[in-house]
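What follows is a set of notes on a single structure, which appears directly below.
The values are calculated or read from the model by the stated rules, or taken from the named source; none is laboratory data. As the structure is a computational prediction, the values presented were derived from the model and not from experiment. Methodologically, a virtual Cβ is constructed for each residue, glycine included, from the backbone with ideal geometry; neighbour enumeration extends over all protein chains shown. Side chains included, ligands, DNA and RNA excluded: accessible areas come from the protein's heavy atoms. Shrake-Rupley method; radii C 1.70, N 1.55, O 1.52, S 1.80 Å.
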Amino acid sequence: TDTNTDTRSGSGGLRTPIVAVLGHVDHGKTSLLDKIRGSAVTQGESGAITQHIGATAVPLDVISDIAGGLVDPDDFDLPGLLFIDTPGHHSFSTLRSRGGALADIAILVVDVNDGFQPQTIEALDILKRTQTPFVVAANKIDTVPGWNTQEDGPIQASLDAQSDRTRERLDERIYSLIGELSDNDISSDMYWQVRDFQHNAGLVPLSALTGEGIPDLLTVLMGLSQRYMKEEMEIDTTGPGSGTVLEVTEERGFGTTLDVVLYDGTIRTDDTIVVGATNRTIETDVRALLQPRALSEIRTEKQFERTDEVSAAAGVKIAAPDLDDAIAGAPVRVVRDQTLDAVTDDVEAELAEIAVETDENG
Ligand code: GDP
């Protein structure tokens, strides 16, 4: 009954890149995630997107459907994109993985009318510090005076539909964004002008409300991942799992559980895991792996369904004894090929790193 195997297990050892959304409050982070999820549901066949715990997986064929002619699935071998559902840089900066940010790639959302705001700059600083590649979503283009909306279309179609005056107004806003990025030591340009994405950030004008430009955003994210991150996405999909705790939550019938984003390997119901806690590590045995129940079954009483195994990249809820003082942002490791001591040492080392980071950032 598990319809999710494809997106969760990746293909041929390449996992799904993990995408985070950052930006100033009210600039449209939540709307953007909602729009991407909504478009995926509308465009794809039923069950095309998969709701994970704390994340949404959009498989390559659905991205290709949404992107129209912009993405040819034959050009890609990464299985799709996994969007972390909680936007914001506070979650982003606490979410680490071995040696870096949990997210492989980010969307920096900026309201074209409002421009750079304090949290935009904070977000940008974090992206620079963690060396996370990012795309700038120049959001709310539909609010430019005189805008002629082309619902859900690629940005070129929208630009073609505007009067000269309206295009000028948009251009002014975009150029002021490019200037603000430059003031913060980021060179950027319209994404279709960018040749070298490693040294230049691509801007995608879009509207999270009308969906115009979303095809372009997904195309750029997919292209960037494929071009610059493919090697990092090569994992041993059946190896022992590694993940990061998003949240520690109480669930009726399960006690304290961990919402985890798995970025490497697999986790199974018979696994022993080591989890970071306040000043210590927890060794425990998985009691259940839980996923959200499919939307069509949402009326049933139970919120979750059990699964035997989950492969990276994926979000999953782990039920196990002794999790009470586990902490958000902490590492989770499956003990399988290595000794318990070796895995515990790893988790302790990572916890120490997180503590240093937290101190540095006040
Ligand atoms: P967040 O705080 O960054 O998550 O921002 P929200 O997604 O909650 O958006 C803040 C407000 O801006 C809401 O009222 C949204 O409806 C509105 N909004 C977001 N994106 C757009 C857009 O592209 N166009 C317009 N007109 N409004 C938008």
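Determine which member of the set I354, I318, I273 is modelled with pLDDT of 95 or more and under 21 Å from the mean Cα position of the chain (by Cα).
Numbers: I354 fails: modelled with pLDDT of 95 or more; I273 fails: under 21 Å from the mean Cα position of the chain (by Cα).
After ruling out the rest, the residue left standing is I318.
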Sort out which residues of segment 20-47 are modelled with pLDDT under 75, hydrophobic (A, V, I, L, M, F, W, C) and buried (at least 18 other Cβ atoms within 10 Å of the Cβ), and write them in order of number. A40
Odd one out for L177, checked against (1) of a type in the set (A, V, I, L, M, F, W, C); (2) touching a Ser or Thr at 6+ places or on another chain (Cβ under 7 Å); (3) at pLDDT 95 or above: (2)
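Determine, yes or no, whether L124 is touching a strand residue (DSSP E or B) at 6+ places or on another chain (Cβ under 8 Å), away from the ligand (no atom under 14 Å from the Cβ), over 19 Å from G54 (Cα atoms) and open to solvent by less than 20 Å² (accessible area, probe 1.4 Å).
Yes.
Kindly check whether there is at least one residue in segment 132-150 that is in contact with a strand residue (DSSP E or B) (Cβ under 7 Å, 6 or more places away or on another chain), open to solvent by less than 20 Å² (accessible area, probe 1.4 Å) and either more than 25 Å from G68 (Cβ to Cβ) or more than 16 Å from the ligand (Cβ to nearest atom) (or both). Working first, answer last.
First, pick out the residues of segment 132-150 that are in contact with a strand residue (DSSP E or B) (Cβ under 7 Å, 6 or more places away or on another chain): 132-141.
Then keep just the ones that are open to solvent by less than 20 Å² (accessible area, probe 1.4 Å); that gives 132, 135-139, 141.
Still in the running and either more than 25 Å from G68 (Cβ to Cβ) or more than 16 Å from the ligand (Cβ to nearest atom) (or both): 132.
Within segment 132-150, one or more residues are in contact with a strand residue (DSSP E or B) (Cβ under 7 Å, 6 or more places away or on another chain), open to solvent by less than 20 Å² (accessible area, probe 1.4 Å) and either more than 25 Å from G68 (Cβ to Cβ) or more than 16 Å from the ligand (Cβ to nearest atom) (or both).
Here's the yes/no breakdown for (1) among the acidic types (D, E); (2) open to solvent by less than 30 Å² (accessible area, probe 1.4 Å); (3) out of contact with any Pro (no Cβ under 8 Å at 6 or more places or on another chain):
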| site | (1), (2), (3) |
| --- | --- |
| D171 | yes, no, yes |
| D183 | yes, no, yes |
| W192 | no, no, yes |
| N200 | no, no, yes |
| P205 | no, yes, yes |
| E231 | yes, no, yes |
| G243 | no, yes, no |
| T257 | no, yes, yes |
| T269 | no, no, yes |
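Rundown of residues vs (1) free of Cβ contacts under 8 Å to residues at least 60 places away in the same chain; (2) open to solvent by 10 Å² or more (accessible area, probe 1.4 Å); (3) at positive phi, yes/no style:
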residue: E251; (1), (2), (3): no, yes, no
residue: D264; (1), (2), (3): no, yes, no
residue: D285; (1), (2), (3): yes, yes, no
residue: A312; (1), (2), (3): no, no, no
residue: P321; (1), (2), (3): no, yes, no
residue: L340; (1), (2), (3): no, yes, no
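Among the residues of segment 184-216, write down those that are among the aliphatic types (A, V, I, L, M), in a loop (DSSP other than H, G, I, E, B) and more than 16 Å from the ligand (Cβ to nearest atom). If you could, list the steps in order and put the result at the bottom.
At the first step, the residues of segment 184-216 found to be among the aliphatic types (A, V, I, L, M) are 186, 190, 194, 201, 203-204, 206, 208-209, 214.
Imposing the further condition that a residue be in a loop (DSSP other than H, G, I, E, B) reduces the set to 186, 194, 206, 208-209.
Matches in segment 184-216: I186, V194.
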Within segment 154-165, residues touching a residue at least 12 places away in the same chain (Cβ under 8 Å) and over 29 Å from the mean Cα position of the chain (by Cα) come out as A161, Q162, S163, R165
Being within 16 Å of the ligand (Cβ to nearest atom) and either open to solvent by less than 30 Å² (accessible area, probe 1.4 Å) or assigned to a loop (DSSP other than H, G, I, E, B) (or both) is the requirement here; does L290 meet it? no
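From the list V110, V71, exactly one residue is modelled with pLDDT of 90 or more, touching a helix residue (DSSP H, G or I) at 6+ places or on another chain (Cβ under 8 Å) and over 27 Å from V248 (Cβ atoms). Which is it? If you could, list the steps in order and put the result at the bottom.
Numbers: V71 fails: modelled with pLDDT of 90 or more.
That would be V110, the only listed residue that is modelled with pLDDT of 90 or more, touching a helix residue (DSSP H, G or I) at 6+ places or on another chain (Cβ under 8 Å) and over 27 Å from V248 (Cβ atoms).
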Select from segment 251-278 the residues that are of a type in the set (V, I, T) and outside any loop (DSSP other than H, G, I, E, B) and list them in ascending order. T256, T257, V260, V261, T266, I267, T272, I273, V274, V275
Out of all the residues in segment 217-241, which are in contact with a Leu (Cβ under 7 Å, 6 or more places away or on another chain) and closer than 20 Å to V334 by Cα? M233, E234, G241
Got a number for residues in segment 151-169 being part of a helix (DSSP H, G or I) and within 13 Å of the ligand (Cβ to nearest atom)? 2
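Hey, among the residues in segment 74-107 that are within 16 Å of the ligand (Cβ to nearest atom) and at pLDDT 90 or above, which one's nearest to R129 (Cα to Cα)?
To start, the set of residues in segment 74-107 that are within 16 Å of the ligand (Cβ to nearest atom) comprises 83-92, 106-107.
Filter once more, so that each one left must be at pLDDT 90 or above: 83-84, 106-107.
Values: F83: 21, I84: 20, A106: 13, I107: 15 Å.
Of everything passing the filter in segment 74-107, A106 is nearest to R129 (Cα to Cα).
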Charged (D, E, K, R), touching a residue at least 40 places away in the same chain (Cβ under 8 Å) and out of contact with any helix residue (DSSP H, G or I) (no Cβ under 9 Å at 6 or more places or on another chain): which single residue out of E172, E180, E168, E151 fits that description? E151
